[in-house]
Amino acid sequence: MIKKGLIYIEFLYLKTFVQVVNSGSYTRAAIELDYAQSSVTNHIQKLEELYGGNVLLERKGKYMKPTSSGELLFDYAKKILALHQESHLALKEQEIKTLSIGTIETLAIYFLPELLEKFKRIYPNIHIRIIPDSEKNIIRMVKEKEIDFGLILDFPCQVTGIESLNIKKQDMMIVVPHDHVFASKTEVAINDLENETFILTDEGCTYRAFLLERFKMENISHNISMELSSVETIKKAVENKWGISFLPLFSVEKNVNNRSIKAIPLHDKNLNFYSQLLYRKEKSILKVFQTFINLFETSN
């Protein structure tokens, strides 16, 4: 037990020593390590005793610099600390059995599968858990560590404690039957939608909320004939000429190619929707999670 205690104490002193060298100051090192300055001084003195009384640091101008002995120890200390961190990360990696992703239905169906297929090729034994929910709840779950990642479609997310990777700016489309008056247009403005009948996604959907807010701002009369949770059902309803809809392009590209419906870009300067991956910063430290993040970074 004594030997183990001595090893831990020496490790602690080495950590302090590396921080002083990196900071160039006992004071700044104390702030970074959240120690009293007297503790930092004491750690360096004890470390010098452990290494045969060799002076490890000396003042040069305003900064503390390693002596020749200190430079030699600094190289070894960095390696020791790096191996220590690596061992902890390796054990954490081994413990990861499940990767949980909160996402909206549209992205879960039309965007996520291809990336998950690539991830599973690398980590076939990790279980993927998809949690469909609203953007508001997804952001909360990421922040409260209930899920590993959030995948949303919204304006760029800026929330304290959450990293946001903007994957791609997504085109938003007015979706109409193939013979609708809009079908021959190259784009549609918000004022063109006066008195149209809409089939929309459920409340809580960010792009539905955007459209209705724009209608309110511009005082545009409209009718909502149906509210459906399934995008596939919405597209079928549009095809049956029960109304028009507002959906991201990636969710209707296949249907447009089949010519069953038409998708026309909504031209609006306020429209700035991005598919985004949300996660807490500490997730990017682990190799499994960094691999997942990298797949999204290179998905364009």
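The values are calculated or read from the model by the stated rules, or taken from the named source; none is laboratory data. Computed from a prediction, not measured in an experiment: that's the story for all the values here. All Cβ positions, glycine included, derive from the backbone under ideal geometry; neighbour counts span all protein chains shown. When the accessible area is computed, the model is the full protein with side chains, heavy atoms only, and any ligands, DNA or RNA have been set aside. Shrake-Rupley method; radii C 1.70, N 1.55, O 1.52, S 1.80 Å.
Here is a yes/no grid of residues against (1) touching a residue at least 60 places away in the same chain (Cβ under 8 Å); (2) within 35 Å of the chain's Cα centre (by Cα); (3) part of a helix (DSSP H, G or I):
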| residue | (1), (2), (3) |
| --- | --- |
| Glu10 | no, no, yes |
| Asn22 | no, yes, yes |
| Gln45 | no, no, yes |
| Gly53 | no, no, no |
| Ile80 | yes, yes, yes |
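For the range 120-135, residues that are outside any loop (DSSP other than H, G, I, E, B) and either more than 16 Å from the chain's Cα centre (by Cα) or loosely packed, with under 12 Cβ neighbours inside 10 Å (or both) total 7. Within the range 268-300, the residues that satisfy the criterion of being within 19 Å of Arg214 (Cα to Cα) and surrounded by 13 or more Cβ atoms within 10 Å (Cβ to Cβ) are Asp268, Leu271, Asn272, Phe273, Tyr274. Being part of a strand (DSSP E or B) and more than 17 Å from Val252 (Cβ to Cβ) is a description that applies to Ser225. Checking Asn272 against (1) part of a loop (DSSP other than H, G, I, E, B); (2) of a type outside the set (Lys, Arg); (3) out of contact with any Pro (no Cβ under 8 Å at 6 or more places or on another chain): exactly one of these is not met. Which one? Here Asn272 meets the rest and fails (3). Taken together, the residues in the range 51-63 that are open to solvent by less than 80 Å² (accessible area, probe 1.4 Å) and among the charged types (D, E, K, R) amount to 1. One residue stands out among those in the range 245-268 that are at pLDDT 90 or above and in a loop (DSSP other than H, G, I, E, B): the one that is nearest to Ser230 (Cα to Cα), which is Val252. Could you check how many residues of the range 23-50 are closer than 16 Å to Ala77 by Cα, of a type in the set (A, V, I, L, M) and surrounded by fewer than 17 Cβ atoms within 10 Å (Cβ to Cβ)? Of the residues in that region, 1 qualify.
Within the range 182-239, take every residue that is of a type in the set (Val, Ile, Thr) and open to solvent by 20 Å² or more (accessible area, probe 1.4 Å) and give me the one that is nearest to Ser134 (Cα to Cα). The qualifying residue nearest to Ser134 (Cα to Cα) is Thr206.
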